[in-house]
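The values are calculated or read from the model by the stated rules, or taken from the named source; none is laboratory data. Just so you know, these numbers come straight off a predicted model, no measurement behind them. Quick reminder, even Gly has a Cβ in these numbers, built from the backbone with ideal geometry, and neighbours come from all protein chains shown. The protein model used for the area step is the full one, side chains on, heavy atoms only, and it has no ligands, DNA or RNA in it. Shrake-Rupley method; radii C 1.70, N 1.55, O 1.52, S 1.80 Å.
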Amino acid sequence: MDQTAAPPEIVPDLPDPFDGKYPIRVRGLRNVFGDHVIHDGLDLDVRRGEILGVVGGSGTGKSVLMRTIIGLQIPEAGEVEVLGDTITDARDDADIDIRSRWGVLFQGGALFSTLTVAENVEVPLREFYPEISDDLRHEIARYKVLLSGLPAEATSKFPSELSGGMKKRAGLARALALDPELLFLDEPTAGLDPIGAAAFDQLILKLQQTLDLTVFLITHDLDTLYEICDRVAVIADKKVIAVGTIPELLALDHPWIQEYFNGPRGRAAQDAQARHDAVRATLSDDGRSSPDPDGA
Amino acid sequence: MQFQRYGSCVALVALDDLPHEAGKMRELTDFQLVQSEGGSTSTLAFSGPMTVSSLGLADARLRAISDSFSEIDLTGVTRMDTVGAWTVWRLSRDHDARIIGCSDEAQKLVDAISKADSNDHSVRAMRLPLFQRVPEHVGDVMLGLGRGMLQVVGFLGQIILSSASLLRHPSRFRGKALVHQMELVGVNSLAIIGLMSFLVGIVIAQQGAVQLRQFGAEIYTVNLVGRLTLRELGVLMTAIMVAGRSGSAFAAQLGTMKLTEEVDAMRTIGVAPMEALVIPRIAATMIMMPLLGFYSAFLGIIGGAFLSSLTLGIPFFTFLTRIQEVVPLHDVWVGLTKAPVFGLIVALAGCYQGMQVKNNAEEVGARTTAAVVMAIFTVIVLDAFFAVFFTNIGWG
């Protein structure tokens, strides 16, 4: 399946209280730290059901953008609308309903260190739906942990007993605890080995397809961009300078975009993707012949 | 057709008793158990949304169903998420029932969930039954006490070795850190220790005077205040205050540095944490304790003199002159000898507990508490030994 060629315009099968095509809309965002301007006049739309990759050099404010969208950072100017609610003028108690409809995976997992993995997953359930019985809540926590690709034994472990990759998976399980429509991921594959990173990419893609998620994904990982992102937003010069599929972005001649995708690492990821596509094409051509691992 | 209703008749329920939901209405899952005419098969028919927000109240009634059914009908379901899919999957597994009327979306979810069924693996951390847990805990505590003693002695040994190597290479000594810690431990606590000692001096003089008045020996209030503060209370109270202020701070600082791997980073750069972190703190406390102890005794005497001049008719400066006559000099030495030892204990407890922190943030709190308790307890026990010791060598 070629993710990059045709960004799917998802028509939700299930009726939804918010029927907008854009779960996230950012208009004229301005963020300032001291006298350092991070964003100025930043606009961004995220389509329903897509995986949007957000890239940009270090310090261009990718994480700040995410924190602004989820209401952790109050912008100096501009408007952020999430799932039909305007976050930028919502007060804490007013946007609680929205909070139950998104999940956030922070860079280090941000698991509560005194709770086990399953108890971490139970925290949002307990907070938002206290009427759910202990039995059901434990069951939910268990299957979420398994859905996130952790072994069943991990449920009773503490975060300090987990490896970096397992912490991210546990964080993902907690982000998915309330079956959110929106998933925010801050550098999900940073710090993972290539095999773990590829597996995490596939996990995100699978979950996104199964659960019908809209994913806002900050990443530096070019393989992730090629492998799972429907569209990519590039942040530079304090705003989003381009949004589109990777071929569309490559057609632009912005120096940073060219350097990013056509630098040595960008080329390598591009070649890997080409090999990958070739293998897939062969597989779909001659039925169930065993895949050639090198794709030669 | 025979109907047996388990579900609620109204799908909309007021949610006033749930937090965040006061005054709001939420659509809830509804279901009913329908028996076919022959009575051979029965169907559990769901309607409404089956999501995390709607299933909570229906779940208990679903679990209570004891009748068997062979089909689960999802035709009436408007919305489903993984919690709904889990519920359907669990029912079909437990009752060996077929799922019918399932939309493609729902089928996808149920398939995904069925692969994530984990045979009831525990959600909590491993926990033994009570009758095993209590003896185990008692054993742990006893062993921990013994091991802790050994480790503290070992830690003290490390400090002595590091100090010795610092004496040989004085250039490695961190003067700035020492001065900084002296400020934190000593200078910054002057106000609170001064106030405390002044007030205790007043209390001793006042209470002493009340008792001594019965023998007409009020003038001995001077002896009482002078000897008590210089010999015992000045240093002891200071040690307790420093344990609460600085010992706890040492444990929390070092513990947090352990958690964030700063201590490990130091080691890899070639900076010995003993020299950079522990020695300056211990040295600063040992230097400041005698000064603070003497300062505390001094203010205690001032407090006593102040009260005496007000209520006993002993003029302020007469009180101070009497102090010189009735307090033997060795009382000052007793206090000043104990002070650095108490300082060592307080700083040692703080640094030792701080360096033992691992795993999580909760441990920092536990270790900080342990540091203060250990310091105060040891100081008081040692003070008793000192009292006997000094009396026996003739400094009574």
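Only one of these is at pLDDT below 90 and within 14 Å of chain A (Cβ to nearest Cβ): B:Ala112, B:Ala217. Name it.
Details: B:Ala217 fails: within 14 Å of chain A (Cβ to nearest Cβ).
None of the others qualify; the one that does is B:Ala112.
All but one of (1) of a type in the set (D, E, K, R); (2) open to solvent by less than 10 Å² (accessible area, probe 1.4 Å); (3) modelled with pLDDT under 85 hold for A:Asp89, so report the exception by its number.
Status for A:Asp89: all satisfied but (2).
Can you list the helices (runs of 4 or more DSSP H) found entirely within segment B:286-396 that contain at least 2 residues being in contact with an Asp or Glu (Cβ under 9 Å, 6 or more places away or on another chain) and either modelled with pLDDT of 95 or more or open to solvent by less than 40 Å² (accessible area, probe 1.4 Å) (or both)?
Correct list: B:329-355, B:361-392.
Conditions: (1) closer than 24 Å to B:Ala361 by Cβ; (2) more than 14 Å from the chain's Cα centre (by Cα). A:Glu139 meets all but one. Number of the miss?
The single condition A:Glu139 does not satisfy is (1).
Select from segment B:27-51 the residues that are part of a loop (DSSP other than H, G, I, E, B) and not acidic (Asp, Glu) and write down the one among them that is surrounded by the fewest Cβ atoms within 10 Å (Cβ to Cβ).
The initial filter retains those residues of segment B:27-51 that are part of a loop (DSSP other than H, G, I, E, B), namely B:28-29, B:36-41, B:51.
Narrowing further to those that are not acidic (Asp, Glu): B:28-29, B:36, B:38-41, B:51.
Details: B:Leu28: 23, B:Thr29: 29, B:Ser36: 13, B:Gly38: 6, B:Gly39: 8, B:Ser40: 8, B:Thr41: 14, B:Thr51: 23.
Filtering segment B:27-51 for residues that are part of a loop (DSSP other than H, G, I, E, B) and not acidic (Asp, Glu), the one surrounded by the fewest Cβ atoms within 10 Å (Cβ to Cβ) comes out as B:Gly38.
What are the pairs with Cβ atoms under 6 angstrom where one residue, in segment B:205-222, is open to solvent by 100 Å² or more (accessible area, probe 1.4 Å) and the other, located anywhere, is in a helix (DSSP H, G or I)? Sequence gap at least six, or different chains.
Cβ pairs passing all conditions: B:Tyr220/B:Leu212.
Conditions tested, residue by residue: (1) of a type in the set (Phe, Trp, Tyr); (2) farther than 18 Å from B:Phe250 by Cβ.
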position	(1), (2)
B:Leu336	no, yes
B:Val346	no, no
B:Lys358	no, no
B:Phe390	yes, yes
B:Ile393	no, yes
B:Gly396	no, yes
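Would you mind listing the helices (runs of 4 or more DSSP H) fully within segment A:98-188 where at least 2 residues are away from chain B (no Cβ under 13 Å) and among the small types (Gly, Ala, Ser)? Even if it seems obvious, please write down each step before you answer.
On the way: elements: A:117-128, A:134-147, A:164-175.
Helices (runs of 4 or more DSSP H) meeting the threshold: A:164-175.
Out of curiosity, is A:Leu72 touching a Lys or Arg at 6+ places or on another chain (Cβ under 8 Å) and either assigned to a loop (DSSP other than H, G, I, E, B) or more than 7 Å from every other protein chain (Cβ to nearest Cβ) (or both)? Break it down stepwise before answering.
Numbers: touching a Lys or Arg at 6+ places or on another chain (Cβ under 8 Å): no; either assigned to a loop (DSSP other than H, G, I, E, B) or more than 7 Å from every other protein chain (Cβ to nearest Cβ) (or both): yes.
Spelling it out, it is not the case that A:Leu72 is touching a Lys or Arg at 6+ places or on another chain (Cβ under 8 Å) and either assigned to a loop (DSSP other than H, G, I, E, B) or more than 7 Å from every other protein chain (Cβ to nearest Cβ) (or both).
Check segment B:250-264 and report whether any residue there is modelled with pLDDT under 95 and over 28 Å from B:Val373 (Cβ atoms).
No, segment B:250-264 has no match at all.
What number of residues within segment A:1-56 satisfy the criterion of being surrounded by 13 or more Cβ atoms within 10 Å (Cβ to Cβ), modelled with pLDDT under 85 and touching a helix residue (DSSP H, G or I) at 6+ places or on another chain (Cβ under 8 Å)?
Of the residues in segment A:1-56, 3 are surrounded by 13 or more Cβ atoms within 10 Å (Cβ to Cβ), modelled with pLDDT under 85 and touching a helix residue (DSSP H, G or I) at 6+ places or on another chain (Cβ under 8 Å).
Might you let me know whether segment B:125-144 holds any residue that is within 13 Å of chain A (Cβ to nearest Cβ), assigned to a loop (DSSP other than H, G, I, E, B) and open to solvent by less than 60 Å² (accessible area, probe 1.4 Å)?
Yes.
If we keep just the residues of segment B:52-64 that are open to solvent by less than 10 Å² (accessible area, probe 1.4 Å) and in a loop (DSSP other than H, G, I, E, B), which is farthest from B:Ser36 (Cα to Cα)? Steps first, answer last, please.
Our first condition is that a residue be open to solvent by less than 10 Å² (accessible area, probe 1.4 Å); within segment B:52-64, this holds for B:52, B:54-56, B:58-59, B:62.
After this cut, where a residue has to be in a loop (DSSP other than H, G, I, E, B) as well, the list is B:52, B:54-55.
Details: B:Val52: 30, B:Ser54: 28, B:Leu55: 26 Å.
Here the residue is B:Val52.
From the list A:Asp253, A:Asp186, A:Asp193, which residue is at pLDDT 85 or above and among the charged types (D, E, K, R)?
A:Asp186
Under 26 Å from the mean Cα position of the chain (by Cα) and under 29 Å from B:Ala239 (Cβ atoms): which single residue out of B:Gly175, B:Gly144, B:Gly139, B:Gly157 fits that description? Spell out how you get there, then give the answer.
Values: B:Gly175 fails: under 26 Å from the mean Cα position of the chain (by Cα); B:Gly139 fails: under 29 Å from B:Ala239 (Cβ atoms); B:Gly157 fails: under 26 Å from the mean Cα position of the chain (by Cα).
It is B:Gly144.
Can you work out which of the residues in segment B:259-274 that are farther than 17 Å from B:Gln353 by Cα and of a type outside the set (Val, Ile, Thr) is surrounded by the fewest Cβ atoms within 10 Å (Cβ to Cβ)? Full working, then the answer.
Taking segment B:259-274 and keeping what is farther than 17 Å from B:Gln353 by Cα, we get B:265-272.
Filter once more, so that each one left must be of a type outside the set (Val, Ile, Thr): B:265-267, B:270, B:272.
On the way: B:Ala265: 12, B:Met266: 16, B:Arg267: 13, B:Gly270: 6, B:Ala272: 16.
That would be B:Gly270.
Counting only residues that are over 17 Å from A:Asp230 (Cβ atoms) and assigned to a helix (DSSP H, G or I), which one in segment A:189-204 is most open to solvent (accessible area, probe 1.4 Å)?
Out of the qualifying residues, it is A:Ile195.
Quick one: count up the residues across segment A:231-252 that are hydroxyl-bearing (Ser, Thr, Tyr) and in a strand (DSSP E or B).
So in segment A:231-252, the residues hydroxyl-bearing (Ser, Thr, Tyr) come out as A:245.
So of that shortlist, the ones also in a strand (DSSP E or B) come out as none.
Going through segment A:231-252 one residue at a time, the tally reaches 0.
Is it true that some residue in segment B:181-188 is touching a Leu at 6+ places or on another chain (Cβ under 7 Å), away from chain A (no Cβ under 14 Å) and closer than 23 Å to B:Gly247 by Cβ?
Residues of segment B:181-188 touching a Leu at 6+ places or on another chain (Cβ under 7 Å): B:186.
Restricting the remaining residues to those that are away from chain A (no Cβ under 14 Å) gives B:186.
Restricting the remaining residues to those that are closer than 23 Å to B:Gly247 by Cβ gives B:186.
Yes.
Report, by residue number, each residue of segment B:151-205 that is small (Gly, Ala, Ser) and touching a Pro at 6+ places or on another chain (Cβ under 7 Å).
Pass one, segment B:151-205, residues small (Gly, Ala, Ser): B:154, B:157, B:162-165, B:171, B:175, B:177, B:186, B:189, B:191, B:194, B:197, B:201, B:205.
Hit for segment B:151-205 is B:Ala177, nothing else.
Would it be correct to say that B:Leu166 is away from chain A (no Cβ under 14 Å), free of Cβ contacts under 8 Å to residues at least 24 places away in the same chain and assigned to a helix (DSSP H, G or I)?
Details: away from chain A (no Cβ under 14 Å): yes; free of Cβ contacts under 8 Å to residues at least 24 places away in the same chain: no; assigned to a helix (DSSP H, G or I): yes.
When the stated conditions are applied, B:Leu166 does not pass them.
If you scan segment B:90-102, which residues turn out to be without any contact (Cβ under 8 Å) to a residue 40 or more places away in the chain, surrounded by 15 or more Cβ atoms within 10 Å (Cβ to Cβ) and either assigned to a loop (DSSP other than H, G, I, E, B) or at the interface with chain A (Cβ under 9 Å from one of its Cβ atoms) (or both)?
Once the filter is applied, which keeps residues that are without any contact (Cβ under 8 Å) to a residue 40 or more places away in the chain, surrounded by 15 or more Cβ atoms within 10 Å (Cβ to Cβ) and either assigned to a loop (DSSP other than H, G, I, E, B) or at the interface with chain A (Cβ under 9 Å from one of its Cβ atoms) (or both), segment B:90-102 yields B:Arg90, B:Gly101, B:Cys102.
For segment B:181-192, check the following and say yes or no: at least one residue is touching a Phe, Trp or Tyr at 6+ places or on another chain (Cβ under 8 Å), in the same structural domain as B:Val326 (by TED's automatic domain parsing), open to solvent by 40 Å² or more (accessible area, probe 1.4 Å) and over 24 Å from B:Pro328 (Cβ atoms). It would help to see each step written out before you state the result.
Taking segment B:181-192 and keeping what is touching a Phe, Trp or Tyr at 6+ places or on another chain (Cβ under 8 Å), we get B:190.
Next, from what is left, pick out any that are in the same structural domain as B:Val326 (by TED's automatic domain parsing): B:190.
Now drop any that are not open to solvent by 40 Å² or more (accessible area, probe 1.4 Å), which leaves B:190.
Now drop any that are not over 24 Å from B:Pro328 (Cβ atoms), which leaves B:190.
Yes, there is a match, as at least one residue in segment B:181-192 is touching a Phe, Trp or Tyr at 6+ places or on another chain (Cβ under 8 Å), in the same structural domain as B:Val326 (by TED's automatic domain parsing), open to solvent by 40 Å² or more (accessible area, probe 1.4 Å) and over 24 Å from B:Pro328 (Cβ atoms).
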